[in-house]
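These notes are about the structure you will find just below.
Each reported figure results from applying straightforward, stated rules to the coordinates on display, with no laboratory input. Computed from a prediction, not measured in an experiment: that's the story for all the values here. Here the Cβ positions follow ideal geometry from the backbone for every residue, glycine too, while neighbour counts run over all protein chains shown.
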Amino acid sequence: MTNVVLIMTDQQRADSLGCTGNPIARTPNVDVLAERGAVFTNHYTPHQICSPSRATLFSGLLARNHGLTRNGVALSEEIPLISHELKAAGYRTHGVGKFHFQPILAGAEHKMPDSNAFWELPESAGWNGPFYGFDTVDILIGESVSATEGGHYANWLRKTAPEAAELFLPENALAPVPEDCDEIWKSAVPEELHYNSWIADQACDFIAAADTSNPFFLLVSFPDPHHPFSPPAPWCDMYDPADMPAPDAQVNELALMPSYISESDGADGSKSYVDFLRDPGPPREQGFMQTTHSLSDASLRQAMAHTYGMVSMIDSRVGQILKVLDDRGLTEDTLIIFTSDHGELLGDHNLIRKGPAPYRQLLNIPLIMAGPNVTQGQRPQFTSHVDLKATLLEYLGLAGEAGDGTSFANLLPDELHETQDHLIAEYHARTRPETYNQTLITEKWRLTLYANNPSWGELFDRSADPGEHFNLYHNPEFGPIRDELARQLLDLFPPAPDAGGPSIATY
């Protein structure tokens with residue numbers, strides 16, 4: 001049977017890799033993977049926020065059906081995930097890194113291993129699973145500074161280098177932090193102690209010790225290049241900010257968009273980023289989306305350069321994992337998947353981070369698959385995270401619950417097959433109900449409706465305006481097209497703004 005290694009990142013957009021056409025990104029290891037596998041150039045997530053997207057990938061269900069509709073909600077342990085299906089088929093299942101199936105700030109009474117509070121409980125001692133279908137896990141919680149508070153990585157760091165957690169803090173950065181954005185700094189933590197290195201080391205240890213008489217499923221989940229923009233050396237200096245491309249933005253384009261977008265100001269301006277993580281206060285809408293008007297050009301370019309640095313750091317760790325697979329002679333018997341949960345605006349549309357707005361930069365994410373019976377080449381067909389579980393089950397010849405998705409396994413050996421002619425996406429609000437939105441994407445159009453505020457809407461001609469800069473929703477000339485697409489969307493996907501489980505924490 002075929003082994004499966006699923007490599008995930010957090011907040012990485014599709015166009016951030018050399019193999020997807022980025023002229024600046026240095027990603028030689030992922031590029032090598034792409035050279036012998038399938039590169040899905042129109043792969044999307046239905047949800048532009050971390051937890052809902054991850055739960056959809058693993059369950060094959062849309063967020064309204066698996067219940068984890070927003071960060072701060074826990075995924076039910078009764079829902080069959082990819083990990084459960086493979087475990088039932090005889091796979092040894094192990095996960096390393098960020099899961100985010102449960103709220104980071106869930107109280108100790110919930111006893112959730114994906115929360116910091118669990119790691120203060122006596123039962124956390126020696127615990128390493130089972131967890132959502134994984135026999136064993138090495139858990140990391142959060143990213144950057146927050147990754148040092150709970151989980152296996154935090155415990156390892158305290159034991160290995162007790163003072164190292166302080167080196168993640170911006171006040172210990174290798175260079176001054178920009179005055180206009182306290183989320184941009186050069187982390188002083190040594191590369192070998194950084195969580196990306198720890199994740200790769202744990203993954204390699206698992207592969208090196210794997211019993212090859214049985215197949216394995218290994219999740220390797222990196223928290224970067226999620227903000228804050230704070231890679232360690234040498235990655236923080238790998239790219240010159242002066243070499244960063246200008247963001248893809250048009251003057252006054254947000255004037256045509258729903259008003260909440262231009263009003264976005266990110267986190268609570270009265271607190272530093274680190275203070276917000278430790279004491280977030282009242283819940284805020286998700287994603288920290290913020291206009292770039294308050295950022296200097298130098299700060300935005302530094303954020304971009306650091307993002308590229310984080311991508312390259314992860315690429316180096318992917319190379320480490322691929323080498324161990326080669327050394328053990330497992331490459332030819334292993335399906336390797338590289339993807340992310342959602343993207344990052346990174347200055348495009350004069351916005352940064354992520355949020356309710358379903359721009360392509362947030363929904364279009366990398367997907368590369370390489371392994372037995374997967375032919376090399378690009379796949380421009382529409383595919384979605386909701387399809388990945390069904391695809392894996394068919395590819396591996398396993399029974400299981402496919403969920404809401406449609407398998408695209410026929411595209412792996414043969415790039416000429418057709419797939420679905422549309423995609424759907426949905427954002428569930430946390431604090432501002434009118435930002436709930438639903439999206440229909442076709443080859444020609446992207447339509448977004450706001451059920452709780454019908455005066456808002458988005459319509460983009462993807463052929464004439466691939467950058468999604470000119471909102472045609474209120475243009476009378478396009479009214480018939482808008483109305484027909486709206487009819488299709490509502491028939492396929494009626495509004496469900498109140499779907500999902502209870503929120504038990506801010507995030």
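Listing for the model above:
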quantity	calculated
Loop-located trypsin sites (Lys or Arg not before Pro) in the range 351-444 whose Cβ has at most 10 other Cβ within 10 Å (DSSP)	none
Gap separating the Cα centres of the range 72-129 and the range 453-469, nearest whole Å	38
When the convex hull of its Cα atoms is projected in every direction, mean area for the range 4-151 (nm²)	10.3
Per-residue [θ]222 nm for the chain (sum of -39500 (n - 2.57) over DSSP H runs n ≥ 4, rounded to 500)	-7000 deg cm²/dmol
Those aspartates and glutamates that a straight Cα-Cα span of less than 12 Å connects to Lys98, excepting residues fewer than 8 apart in one chain	Asp10, Asp114, Asp138, Glu143, Asp224, Asp341
